Amino acid sequence: MKKIILSTLLAVGVWMGAAPVQASEGGVAWDKFKTSTNDTASLQNGAKLFVNYCLSCHSASFMRYNRLKDIGLTEQQIKDNLLLTTDKVGETMKAAIDPKQAKEWFGANPPDLTLVARSRAGSQGTGADYLYTFLRTFYKDDTKATGWNNMAFPSVGMPHVLWELQGVRTPVYEEVEEHGHKVQLFKGWNQVTPGTMSSAEFDKNVGDLVNYLQWMGDPSQNTRIRVGVWVLIFLLGLILITWRLNAAFWKDVK
């Protein structure tokens, strides 16, 4: 029994000692992002951004185009504006790129994004926090094969697909001394070339894309919540009626 307890304490100690190292190697701290999967205008804009900028390489193989009717789009709107990789509204969202070519270009086949917002949650925050930080922290790095790097995912193999919207940026560092060692402290961004959007506009559009990715991971969530509220109201009413009937039936019984 003592050996088991000592082994457990040792394992916990090793894990706690390794945790700060893992956190320091995982990039910058994640920005907090509050999702709003009830905002249909945001979800519709996010769906447009996803189809135009993500679907060329990343599939969403568990999501069908006709499910977008749940965010207020008509079938004709989906056909006219979002069917870029197929002509059938009932098809799943498959990437346009050939998997073999993707592996050759990027070193690995780009992951499916249907559940990315749920799978990327970690000790620093939710999956939405990670995605919001990741999509906004790309910077120019000519030492990388793609020409881009990322503060939240260092040495990522993905290029900055939204660079035309955000523009080209490079990080600004300040050299400081910590515990007797000189380290580079991130201070901000240097805008090399402007994008088609202002910083606020870009952040807002990235937020719409993250909202959509969050919704896509569980598109029935809002319906479940709405139905659940009505079920609870019904049960409360039924309890009240049952209580009064019980009182009426037993009022003359002594």
Item to complete: Quick one: angle between helix 127-136 and the longest Cα principal axis of the chain, in degrees between 0 and 90, rounded to 10, please.
Response: 30
Worksheet entry | Principal-axis tilt of helix 199-217 within the chain, Cα atoms, nearest 10 degrees | 50
Practice prompt. With the full set of protein chains in place, find how many percent of the accessible area of the chain is carbon and sulfur; take the probe as 1.4 Å.
Written response: 59
Worksheet item: Gln184 versus Gln77, label points 7 Å from Cα toward the beta carbon: distance in nm?
Response: 4.5
Item to complete: With everything on Cα atoms, drop me the angle between helix 221-250 and the longest principal axis of the chain, reported from 0 to 90° to the nearest 10.
Response: 20
Practice prompt. Quick one: what are the phi-derived ³J(HN,Hα) couplings along the stretch 109-116, Karplus 6.51/-1.76/1.60 with θ = phi - 60°, whole Hz, x for glycine and proline?
Written response: 6, x, x, 5, 9, 4, 10, 4
Worksheet entry | Hits among aspartates and glutamates - C-alpha to C-alpha of Lys182 under 20 Å, sequence gap 8 or more where chains match | Glu25, Glu174
Discussion item. How big is the dipole moment of the stretch 203-254 about its Cα centre under a simple scheme where the beta carbon of each Lys and Arg is +1, that of each Asp and Glu is -1, and everything else is neutral? Debye, nearest 20, please.
Written reply: 420
Practice prompt. Place the peptides 211-222, 190-201, 236-247, 110-121 in order of packing, highest mean first, counting for every residue the other Cβ atoms within 10 Å and averaging per peptide.
Written response: 211-222, 110-121, 190-201, 236-247
Item to complete: Using the structure shown, list the pairs from Lys48/Lys204; Lys103/Lys204; Lys103/Lys140 with a Cα-Cα distance above 25 Å, or answer none.
Response: Lys103/Lys204
Response to the item:
A chain fully extended from Glu174 to Thr146 at 0.36 nm per residue, minus the present Cα-Cα distance, gains in nm 7.5 nm
Discussion item. For the chain, what does the helix formula give at 222 nm: sum of -39500 (n - 2.57) over DSSP H segments with n ≥ 4, over the residue count, nearest 500 deg cm²/dmol?
Written reply: -14500 deg cm²/dmol
Response to the item:
In terms of the alpha carbon gyration tensor, root eigenvalues a ≥ b ≥ c, rounded if a/c is under 1.5 and otherwise prolate when a/b exceeds b/c or oblate, the stretch 160-254 is prolate
Worksheet entry | Radius of gyration and maximum dimension Dmax of the stretch 69-118, Cα, Å | 13.8, 38
Worksheet item: If you add up the charges near Thr114, with Lys and Arg at +1 and Asp and Glu at -1, over every other residue whose beta carbon is less than 13 angstrom from its beta carbon, what do you get?
Response: +3
Response to the item:
In whole µm²/s, the translational diffusion coefficient that Stokes-Einstein assigns to the chain, given a Kirkwood hydrodynamic radius over C-alpha pairs, 37 °C and 0.692 mPa s, equals 150
Worksheet entry | Accessible area in the full protein assembly, largest first, 1.4 Å probe, for Lys34, Lys204 | Lys34, Lys204
Worksheet item: Amide H of Thr114: which non-local residues (sequence gap of 5 or more, or other chain) have their own amide H closer than 5 Å, using H built in the peptide plane?
Response: Ser61, Phe62
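Please give the peptides 38-51, 141-154 ranked by average Cβ packing (other Cβ atoms within 10 Å per residue), highest first, as a rough proxy for protection.
38-51, 141-154
Rolling a 1.4 angstrom probe over the protein heavy atoms, how many square angstrom per residue are accessible across the chain?
Result: 64 Å² of accessible area for each residue.
The values are calculated or read from the model by the stated rules, or taken from the named source; none is laboratory data. Fair warning: this is a prediction, and the values are worked out from it, not measured in the lab. Note that each Cβ is placed from the backbone with ideal geometry, even for glycine, and that neighbours are counted across all protein chains shown. Surface areas here come from the heavy atoms of the whole protein model, side chains and all, with no ligands, DNA or RNA. Shrake-Rupley method; radii C 1.70, N 1.55, O 1.52, S 1.80 Å.
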